[in-house]
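The values are calculated or read from the model by the stated rules, or taken from the named source; none is laboratory data. Because the structure is predicted, anything quoted here is derived from the model rather than measured. Here the Cβ positions follow ideal geometry from the backbone for every residue, glycine too, while neighbour counts run over all protein chains shown.
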């Protein structure tokens, strides 16, 4: 099997999960697709000659890095948008206008009873990004704590903390669906 | 309870993979094919052979003209071919004598 074929098989096995991971983080399909495509290209161009056993950790590390870059850009964009909107919005002092929309964090009010998966997606999307990624990489992607810490570029104890907090929040959010 | 919840979550997430829409799958497959294909030969240096000749010409034109100092004897021969002025001949004689002194 050629290197290109092995790489293609690896990407085929991980692309859908990577896409969902990015989609949970960005809540945007197009951005998630761009991030995954970028991560695929980066792995292929820079690390294809590495040992195949290292590809998974490298791929998710690249993916995390791309998501982080997206979040930084998003943060700047949102700040600018808020600044200009604030400057132009005459109702900015209206307390009702300032009230945050928390419906995404309350799946029981948003989805029908019994739709565990819809509730799960809403609860996962509402998690802080680090908790979300630690949880998904550990539970879903099956990375061990060390690999997750390497992918997230944080300590192993941070991974454990993020995971435990995420699980607790999900447990609370999904209590309704039990 | 957490173990049960984790299992349910894992199953739900796995199930969600099968429900990705066709367009998303198609675009992921296209991205994969693009990434796994060998990179096209780089065109970064295509201009190098074409630029060699003009660069060489410019270099030759700008090269400092390090011509050797004129040989006084050759100058004298040139002068002798013309209608020589005796004063000029004397000047050249002196010039040759000085040159001989310097070389010795």
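Numerical summary
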| read-out | value |
| --- | --- |
| Failed item in (1) at pLDDT below 90; (2) under 43 Å from the mean Cα position of the chain (by Cα), with residue B:30 passing the rest | (1) |
| So residue A:38, is it out of contact with any strand residue (DSSP E or B) (no Cβ under 6 Å at 6 or more places or on another chain), surrounded by fewer than 20 Cβ atoms within 10 Å (Cβ to Cβ) and touching a residue at least 24 places away in the same chain (Cβ under 8 Å) | yes |
| Residue within segment A:39-60 that is part of a loop (DSSP other than H, G, I, E, B), more than 12 Å from every other protein chain (Cβ to nearest Cβ), at pLDDT below 80 and at negative phi present | no |
| Residue tally, condition in a helix (DSSP H, G or I) and either surrounded by fewer than 21 Cβ atoms within 10 Å (Cβ to Cβ) or without any contact (Cβ under 8 Å) to a residue 40 or more places away in the chain (or both), over segment A:123-132 | 5 |
| Hits in segment A:21-35 (condition: in a helix (DSSP H, G or I) and in contact (Cβ under 8 Å) with a residue 60 or more places away in the chain) | A:21, A:24, A:25 |
| Which listed residue, of A:13, A:22, is surrounded by fewer than 18 Cβ atoms within 10 Å (Cβ to Cβ), within 18 Å of residue B:14 (Cβ to Cβ) and within 12 Å of another protein chain (Cβ to nearest Cβ) | A:13 |
